[in-house]
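One structure is given below, encoded as structure tokens.
The values are calculated or read from the model by the stated rules, or taken from the named source; none is laboratory data. Remember, it's a predicted structure, so these values are computed and weren't measured experimentally. FYI the Cβ positions are ideal-geometry reconstructions off the backbone, even for glycines, and counts take in every protein chain you see.
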Amino acid sequence: EAIADLEHGYCARPGEVDLRLIGTVSSIREARDVVRDAFAGELVSDDGANLEKVVVHLLAGQGRTLAIAESCTGGLIASRITDVPGSSGVFRYGFVTYANEAKQDLLGVSRDALRTHGAVSGPVAQQMAEGALEAGGADLAVAVTGIAGPAGG
């Protein structure tokens, strides 16, 4: 059902959708409640903060640190995290391991996992995260691997 005195707009980007609400204070509050209820499991922020800012603030509030192992993203995730003021208190290390040899040398990914499952696989991502956790001395680690680029490699 429509909410009186409310206009909305959205901007969709890969992995996220920004929703903008314009209206009276009461119509915005009502719409915010509807959005919270409808997207409770997916909502990152209701105050305009992006995902990386939310992550940095959550980690800082918990006194935890983060290491990131990236392949196809080439350091983009680490860059987005370190763009957030205060990230130096939570970000420990970033590993860009585009080549399989880098995954092995820096993160301890096994040759067997690469041969058996391929670089773009859950087992390799798991080993990348474990390696980043150990080598980075962080509380938490994130790893990403995948296929990127116009030629798919």
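The one condition from (1) modelled with pLDDT of 95 or more; (2) in contact with a strand residue (DSSP E or B) (Cβ under 6 Å, 6 or more places away or on another chain) that A102 does not meet is (2).
Could you check region 4-14 and list, in sequence order, the residues that are touching a helix residue (DSSP H, G or I) at 6+ places or on another chain (Cβ under 8 Å) and loosely packed, with under 12 Cβ neighbours inside 10 Å? A4, the sole residue that qualifies.
Could you list, in sequence order, all residues of region 1-16 that are in a strand (DSSP E or B) and touching a Gly at 6+ places or on another chain (Cβ under 8 Å)? Lay out the reasoning, then the answer.
Quick first cut of region 1-16, residues in a strand (DSSP E or B) only: 6-13, 16.
If the condition is that a residue be in a strand (DSSP E or B) and touching a Gly at 6+ places or on another chain (Cβ under 8 Å), then L6, E7 are the ones that fit.
Among the residues here, G136 does not qualify as closer than 17 Å to A99 by Cβ and at pLDDT below 95.
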